[in-house]
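The values are calculated or read from the model by the stated rules, or taken from the named source; none is laboratory data. Bear in mind that the values here come from a model prediction, so they are computed numbers and not experimental data. Every residue, glycine as well, gets a Cβ built from its backbone with ideal geometry; the counts of neighbours run over all protein chains shown.
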Amino acid sequence: MRYLKTFSIAKNKFRNIDAVRIYYSILFLLSYGLTEIGRLLYRPFIYDNHINDFGIADSIGNSGGIMAQIFFGLLIINPSRKNGIRLIVLFTVGYILYEIVQLFLLGGVFDWKDIYATIVGGIIASIVFLLLRLKIKDET
C-alpha cells in the first residue's frame, strides 16, 4: 500500500497540458515514428543485402518500442522527476520480464538481443528524460 502512495498521480498535473507534456508527445511521436521506419525500411534493407549490423535490425522494435512506451506513459501521467524514473524502470523491467516469459510460451521467441536493446532504449529514454527535466527546471 505504501508503494502505491509513492507512485500516486497529482490531479493538477494529470489534467494540465504544459510544456513538459508537449515535449513528451513530441518524443513519443518521434520514437514511435523512428521505430516504425526502422521496422518497415531499415530491417528489410539489412536482411535483403545480408548486412551484419550486430543485431540492430532484429531488435529495433524493442529499443524503439520501449522509448515510445516510456514517453507515452510520461505523457499520460506527467509525473515528477522521481516518479518518472520509477515509471521508466517499471516499463524497462516489464519489457525484460516479458522477453524472459517468452521462453515458456508456445510460439514465443526469446532473444538476448531484445533484452540488450530494451536496456539500451531504457537508458536512452532515461537520459533524455533527465535532460528534459533539467531544461524545464532551468526555464522556470
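If the condition is being among the hydrophobic types (A, V, I, L, M, F, W, C) and crowded, with 19+ Cβ neighbours inside 10 Å, then segment 22-38 contributes 27, 28. Of all residues in segment 66-99, how many are among the small types (Gly, Ala, Ser) and surrounded by 15 or more Cβ atoms within 10 Å (Cβ to Cβ)? Residues in segment 66-99 being among the small types (Gly, Ala, Ser) and surrounded by 15 or more Cβ atoms within 10 Å (Cβ to Cβ): 3 in total.
On the stretch given as segment 80-110, residues that are touching a helix residue (DSSP H, G or I) at 6+ places or on another chain (Cβ under 6 Å) and not β-branched (Val, Ile, Thr) total 6. Applying the set (1) surrounded by fewer than 20 Cβ atoms within 10 Å (Cβ to Cβ); (2) modelled with pLDDT under 95; (3) touching a helix residue (DSSP H, G or I) at 6+ places or on another chain (Cβ under 7 Å); (4) in a helix (DSSP H, G or I) to residue 137 leaves exactly one unmet item: (3). Before we move on, is residue 85 of a type in the set (A, V, I, L, M) and in contact (Cβ under 8 Å) with a residue 60 or more places away in the chain? No, not satisfied.
Within this structure, residue 113 fails the test of being at pLDDT below 95, in contact with a helix residue (DSSP H, G or I) (Cβ under 9 Å, 6 or more places away or on another chain), under 24 Å from residue 18 (Cα atoms) and assigned to a helix (DSSP H, G or I).
Surrounded by 10 or more Cβ atoms within 10 Å (Cβ to Cβ), in a helix (DSSP H, G or I), at pLDDT 95 or above and of a type outside the set (Gly, Ala, Ser): is that true of residue 119 in this structure? It is true that residue 119 is surrounded by 10 or more Cβ atoms within 10 Å (Cβ to Cβ), in a helix (DSSP H, G or I), at pLDDT 95 or above and of a type outside the set (Gly, Ala, Ser).
Residue selection: residue 119 satisfies the criterion of being touching a residue at least 24 places away in the same chain (Cβ under 8 Å) and either among the aromatic types (Phe, Trp, Tyr) or over 27 Å from residue 16 (Cα atoms) (or both).
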